[in-house]
Amino acid sequence: MPVFFFWMYWMNQGNAVWLASVCGMLLIYYNLTDWRVATIGSCLGLILGCAFSYLMAQETLPLPPENLLAIGFAWVSAVLLGLSSANLRRTRLINTLSTMAVMAHELRTPLATVNLMGDVLRTLARNDVPEGKRKKIEELSTRLQNLVRSMNRQIDTQISNAQLLRLPREQSPVMAGDLVSEVINNYPYRSTRERDCVRLHIQEDFCFMASRPLFMQVITNLLKNALHSLASASTAPNPGDLRIDVGVHRGKGRIAVSDDGVGIAHEQQARIFEPFFSTQAGAGNGLGLTFCKNVVEAAHGTISVHSVPTMGAVFMVDLPIYRDAH
């Protein structure tokens, strides 16, 4: 769009109609896209439009001072409009996440009550219930408390989502193998079969600098997504259908979470890290992978995905290795 409008401006000798069109194009262009992209595009459009008109007309058109003033004013106004829109979007996102964090925090009180009810059920099962029903009640109590634990993890994730946009996080050395092992052992699995499908393979352990609590939530979220993908498949999960590999790849530490689930469509893979975009229709808020990306990038790492629909997915987290660890 900038190339066309600047080219037409030059080819029409900078008349008033195309001068107004160029000014209007700048305002619309900055309103439709990110201001950084718009600035690069506008500069390239100005250069290429001038070059194309010179090649076709074999002459350059001087830019009158009044035209230069009008284009400059429109350009500055467009930049300010783009900055204002970007700040407004960021403010709305922060306010939305802050509201979610407050709501999530308020859920802790009823969840604590539910967790206490689980303890009461277990105590009653041990004292006042016949042996035949005791095991079943204890299983129900365990499932109830696992559900509470899972909800508390979701609350921690949403609170961290809201805080990560505004507050710096302290980092400390973290051993990848220990971190992943702790997440796997403490995850609230829905069944024994679900737990048995997870396999951890530590090829080469490494240390990296990050916020350990936040990174535990990253691995928890990737594990949860992989289990959901397996649950959406037509067959029941088998041992080894979900694999977490820890190793070193091209001088960087890598944590790879692989599953044999339903996979991710090619057109969705480019958007899964965007805020509020979710591949799970009707489930999830689309912030989980955005949170993962923010935490990984705060540790100067990268997160990527490779997936073939119906054949599973691999999420790879690459991190700088902390060499001074003892």
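The values are calculated or read from the model by the stated rules, or taken from the named source; none is laboratory data. This one's a predicted model, so the numbers in the text were calculated from it and none came from an experiment. Neighbour counts are summed over all protein chains in view; Cβ atoms, including those assigned to glycine, are modelled from backbone coordinates with ideal geometry. In case anyone asks, the SASA skips ligands and DNA or RNA and just uses the protein heavy atoms, side chains included. Shrake-Rupley method; radii C 1.70, N 1.55, O 1.52, S 1.80 Å.
Sorted by mean Cβ packing within 10 Å, highest first, what order do the peptides 17-25, 204-212, 304-312 take?
Most protected by this proxy first, the peptides run 204-212, 17-25, 304-312.
Could you check how many percent of all C-alpha pairs in the stretch 208-282 are farther apart than 22 Å?
Of all Cα-Cα distances in the stretch 208-282, 34 percent exceed 22 Å.
Protein chains only, probe 1.4 Å: how do R134, R193 rank by accessible area, largest first?
From most accessible down to least: R193, R134.
Given bins 10 angstrom wide, list per bin the percent of all Cα-Cα distances in the stretch 1-73, short to long.
With a bin width of 10 Å, the distribution comes to 21, 56, 22, 2.
Can you compute log10 of I(q)/I(0) for the stretch 186-326 with the Debye formula, treating each Cα as one identical point scatterer, at q = 0.13 Å⁻¹?
Calculated log10 I(q)/I(0) at the listed q: -0.56.
What does the convex hull of the Cα atoms come to per residue for the stretch 170-216, in Å³?
About 60 Å³ per residue, rounded to a whole number.
Summarise the accessible area of the stretch 184-247 (1.4 Å probe, protein heavy atoms) by the percent that is carbon and sulfur.
48
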